[in-house]
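Notes follow once the structure below has been shown.
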Amino acid sequence: MNSDRRKQNEPSSSRGRFSGRLGYVLAVAGSAVGLGNIWRFPYLAAKYDGGMFLLVYLLLTVTFGYVLIVSETALGRMTGKSPVGAFHTFGRTLPFHFGGWVNAVVPMLIVPYYCVIGGWVVKYLAEYIAGNKAVLAADDYFGGFIANSGSLLLWFALFAALVFLVVLGGVKSGVERVSKIMMPMLIVLALMVAAYSVTRPGAMEGVKYFLIPNLENFSWMTVVAAMGQMFYSLSIAMGVLYTYGSYIGKDVDIEKSTTEVEVFDTAIAILAGLMIIPAVFAFSGGDPDTLKAGPSLMFITLPKVFDSMGMGTAVGIVFFLLVLFAALTSAISLLETSVSSLCDELHISRPKACLIMVAVMAVVGGTSSLGYGVLDGVKLLGMAFLDFYDFLTNSIMMPMGAIATCVLVLKVVGFEKLQAEVELSSAFRRNRLYPVYQIYR
Ligand code: TRP
């Protein structure tokens, strides 16, 4: 029915329309799928008791996460602005400044430490290319690597330079085109590695640990961690979706796109979990210390998997190359968002905005790199720098940004207006997910 109408009214634009939505979904998926899925999700799931974390994560994704994605995208499309501008459309008092800026600052703080982890990926890729798969699989390899501040800074700088080059050099669309091919490849390879991992002797314990919730293991920290991870992985509460929303036409089906992105993003996270968590049980006997290893988990576990398999070097090279691309597209999107917020709001040129970001990168990324080495003695709230920035953005600022968006929708814009915006392009089938609003009303 829909397509008939389209054929009658605008025969030549139907294809453009389709690729418009596809392009949008791919862009959002490109920024959603990254280190968050492959590096961050598995280590949090391992740390917070597997099944319980997964369950809470899934529940939050289909409820709160869904509501936020739709709201941010619709607000972006309604106002045609990035977060600060979008909030300013509705008011200019302090709460509006705060709401906009808290959303806009998060990517500026994430991108530096994201590039540090990106640097770790480049390092591992380089080592696989050099044929050092057994070296990487040694027990204390990663610990030694992150304690070596000089080398860490170098790999961080390399990855960050790559991201800046892409953003400044305008080859962004090229990278995105390549990543459209790499993304399906990543899924296929992850499926193969996960199949290998879960069939190792002893791995079944890990599969159970990851998939079966154990109520005894529930704690509020599980909820906080799962919520932070959901924000992080779906790129919520950091202005990105406002910005993307401002780029799409009134005909792009927001509900359908959101569902697709959520399914895709979650599928990759679960696959990564299946690659890594069962391997902890198969290769380290479910050692609780390894399970709670935190940010290093992927880097200490996967090399053991690759070392034990035939063609491990080739698998290692391809895997880290694919992860590198996924990380690049996310980092590009983070940097772009940061730069464009600075340009728009401070009325400065792009090169100037880039310079500011170089400075932020140097300070935040630099301290993140050194935090496990020369600055080992310095702890913020008991955390190393990288862990602290991660905690600050994910557990404090993103929830504030999310609440700001909720308050904006509920108290200022009004749900009816949001609903009308979504219904411009499709029925709003899941509007009942706005229960807070129903209670409030
Ligand atoms: N979602 C990305 C990932 O999973 C990381 C990320 C967080 C991001 N916020 C973002 C990417 C904003 C792009 C834009 O790795």
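So the values come out like this:
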{"item": "Residue match in segment 111-133 (condition: under 18 Å from the mean Cα position of the chain (by Cα), under 16 Å from Val364 (Cα atoms) and among the hydroxyl-bearing types (Ser, Thr, Tyr))", "result": "yes"}
{"item": "Matching helices (runs of 4 or more DSSP H) fully within segment 376-441 where at least 3 residues are surrounded by 15 or more Cβ atoms within 10 Å (Cβ to Cβ) and out of contact with any Asp or Glu (no Cβ under 6 Å at 6 or more places or on another chain)", "result": "385-391, 398-407, 415-423"}
{"item": "Residue count for segment 21-63, restricted to those that are open to solvent by less than 10 Å² (accessible area, probe 1.4 Å), under 25 Å from Val121 (Cα atoms) and more than 16 Å from the ligand (Cβ to nearest atom)", "result": "2"}
{"item": "So Tyr247, is it within 16 Å of the ligand (Cβ to nearest atom), open to solvent by 40 Å² or more (accessible area, probe 1.4 Å) and either aromatic (Phe, Trp, Tyr) or touching a Ser or Thr at 6+ places or on another chain (Cβ under 7 Å) (or both)", "result": "yes"}
{"item": "Failed item, numbered, when Val339 is tested on (1) free of Cβ contacts under 8 Å to residues at least 12 places away in the same chain; (2) over 26 Å from Gly150 (Cα atoms)", "result": "(1)"}
{"item": "Breaking point among (1) under 24 Å from Ala27 (Cα atoms); (2) within 24 Å of the chain's Cα centre (by Cα); (3) surrounded by fewer than 17 Cβ atoms within 10 Å (Cβ to Cβ), for Val363", "result": "(1)"}
{"item": "Every residue from segment 181-211 that is over 19 Å from Thr313 (Cα atoms) and not in a helix (DSSP H, G or I)", "result": "Thr199, Pro201, Gly202"}
{"item": "Selection from segment 26-54 of residues that are in a helix (DSSP H, G or I) and closer than 26 Å to Phe428 by Cα", "result": "Leu26, Ala27, Val28, Ala29, Gly30, Ser31, Ala32"}
{"item": "Filter result for the condition that a residue is in contact with a helix residue (DSSP H, G or I) (Cβ under 6 Å, 6 or more places away or on another chain), over 27 Å from Leu271 (Cβ atoms) and within 16 Å of the ligand (Cβ to nearest atom), over Leu186, Leu109", "result": "Leu109"}
{"item": "Total residues in segment 118-149, condition without any contact (Cβ under 8 Å) to a residue 24 or more places away in the chain, outside any loop (DSSP other than H, G, I, E, B) and exposed (fewer than 14 other Cβ atoms within 10 Å of the Cβ)", "result": "2"}
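The values are calculated or read from the model by the stated rules, or taken from the named source; none is laboratory data. Everything numeric in this text was worked out from a predicted model, so none of it was measured. When we count neighbours, we look across all protein chains shown, and the Cβ atoms used for this are built from the backbone with ideal geometry, even at glycine. Heads up: the accessible areas ignore ligands, DNA and RNA and are worked out on the full protein's heavy atoms, side chains in. Shrake-Rupley method; radii C 1.70, N 1.55, O 1.52, S 1.80 Å.
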